[in-house]
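The values are calculated or read from the model by the stated rules, or taken from the named source; none is laboratory data. A quick note: this is a predicted structure, and the numbers were derived from the prediction, not measured. For neighbour counting, all protein chains shown are included, and Cβ atoms are generated from backbone atoms with ideal geometry for every residue, glycine included. To get the accessible areas, we keep the full protein, side chains included, count just its heavy atoms, and leave off ligands, DNA and RNA. Shrake-Rupley method; radii C 1.70, N 1.55, O 1.52, S 1.80 Å.
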Amino acid sequence: MSGINKRIRKIEMALKWDPSPAGQAPTDLDIVAATYLASDPGGAPAYVVHFDSRSPDGTIYLNRDSKDGKGFGWDEVMTLELERLDARYARVVVGVVIQQHPAHRTFVSVLNPAFRIREGYTVLEEDDFGGVLGSTAATVAEFMREADGWTFHPGVQGFEDDPVTFTRVMGQVRRS
């Protein structure tokens, strides 16, 4: 890539869904980002950012959190400042997990879920989880550090794990 082209620098991951119908328990989705060391990019996450947390260096943080989808527009928003992320991190995987309390839910039971990944005003990816309706969680993007900057690899991949297990396995390479 030539010096005039720009690589991925700062990402906004946004998530939305509609509230549960009256009389039903609230639906709670969460954005999750996991970082992986250059020395072990396919291993265990170095750290995971989700609600009530941020990266140790402040480069990945949740701007907005919703427990019920009653926000205006995008209910949850996470910022990933990849250009500031320490060189020891070579990979970041972003996902969405459905909290499983008080009822078990998959994406098919979430009303109008959608996500958008953008850099500045450029939309890199949008999806509605239609390919993973039976899943309780999904990875939605992977960012890899290359010699000349970060690259974006889209793709929604479903998981049937609880939130704790999902954060441990979301970065593992899986066969289709």
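Applying a DSSP loop filter and a limit of 12 other Cβ atoms within 10 Å to the GluC sites (Glu not before Pro) in the range 90-176 leaves E160.
A dipole drawn for the range 72-176 from +1 and -1 charges on Cβ atoms has a positive end, and of G171, F72, L133 the residue lying farthest that way is G171.
Longest segment of the chain with no trypsin sites (Lys or Arg not before Pro) in a DSSP loop having at most 13 other Cβ atoms within 10 Å? Numbers along the way, then the final one.
Working: sites that count: K6, K70, R88, R174, R175.
No qualifying site falls inside 89-173, the longest such stretch.
Mean-square fluctuations from a GNM of the chain, with a 10 angstrom spring cutoff on Cα atoms, peak among V108, V156, V49 at V108.
Sparse packing (at most 13 other Cβ atoms within 10 Å of the Cβ) combined with a DSSP loop state is found for the following chymotrypsin sites (Phe, Trp or Tyr not before Pro) in the range 86-176: Y121.
Multiplying the residue separation of L37 and H104 by 0.36 nm and subtracting their alpha-carbon distance yields 20.8 nm.
Under the definition of Cα pairs under 8 Å and six or more residues apart, what whole-number percent is the relative contact order of the chain? Don't skip to the answer; put the middle values down first.
Details: 405 pairs, mean separation 47.4, N = 176.
Dividing the mean separation by the residue count of the chain yields 27 percent.
Taking each DSSP H run with n ≥ 4 as -39500 (n - 2.57) and averaging over every residue of the chain yields -1000 deg cm²/dmol at 222 nm.
Taking label points 7 Å from Cα along the Cα-to-Cβ direction, E146 and D18 give a separation of 4.0 nm. For the set T122, T165, the ranking by accessible area, highest first and with no ligand, DNA or RNA atoms included, is T122, T165 under a 1.4 Å probe. For the chain, the solvent-accessible area of protein heavy atoms averages 51 Å² per residue (probe radius 1.4 Å; ligands and nucleic acids excluded).
Determine which residues of the range 110-144 fall in the zone a paramagnetic label at H153 would reach in this model, i.e. backbone nitrogen under 13 Å from the point 7 Å along Cα→Cβ. 140-144, by backbone N distance to the label point.
Restriction of the chymotrypsin sites (Phe, Trp or Tyr not before Pro) in the range 1-74 to DSSP coil positions whose beta-carbon has at most 13 other beta-carbons within 10 angstrom yields F72.
Database remark: amide H of Y47 closer than 5 angstrom to the amide H of T35 (H placed geometrically; neighbours at sequence offset of 5 or more, or on other chains; Pro and chain starts carry no H).
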